[in-house]
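Take a look at the structure below.
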Amino acid sequence: MKVVLRHEGTWLLVREVYAIRRQRGKRRGRQRQTSAPYGTVAESVDKPPLNGLRYTESIEVPATKVMKFIVKAFQLPGDTTIVVKPLTRESYEAKIYAKTREEAARALAQLARLLSELGRRRGGEEQEQAESEEEEV
């Protein structure tokens, strides 16, 4: 999917997403690799490329999850374009543009599932932290 982000008055078209890998020190004779967040390459454009895309759907994205959402949405297959722009200080609006209603509905379902996965991961981390704090006390 194509992803376009509105950032401080500029439209940025995401061109590439790559994983940043860091090597940590040796542990028990083996080198350990951990993956860090994704990096993105974006190009400044005058306006989002919406040629022939008539049908729209929209979904709200929390500001704390917007970059993870953009990276994962870019990696999804499909011919839709997602335009992400600020809605409030705490949220962004992701507008889905597609050629057909079915494509728009399918993309909306994929992105809603993606958002729920991002929310569950965070919820799981918070739950683990709460459990570890209880063990310490």
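Quick one: would you say E43 is within 13 Å of V4 (Cβ to Cβ) and either in a strand (DSSP E or B) or at pLDDT below 90 (or both)?
Working: within 13 Å of V4 (Cβ to Cβ): yes; either in a strand (DSSP E or B) or at pLDDT below 90 (or both): yes.
Yes.
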Legend entry - Evaluation of P49 against (1) surrounded by 12 or more Cβ atoms within 10 Å (Cβ to Cβ); (2) modelled with pLDDT of 90 or more (one fails), failing number: (2)
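Mind telling me which of the residues I59, I20 ends up being of a type outside the set (D, E, K, R), at pLDDT below 90 and in contact with a strand residue (DSSP E or B) (Cβ under 7 Å, 6 or more places away or on another chain)?
Values: I59 fails: at pLDDT below 90.
After ruling out the rest, the residue left standing is I20.
The values are calculated or read from the model by the stated rules, or taken from the named source; none is laboratory data. Worth saying up front: this structure is predicted, and the values here are computed from it rather than measured. Ideal geometry is used to build each Cβ from the backbone, glycine not excepted, and the neighbour counts take in all protein chains shown.
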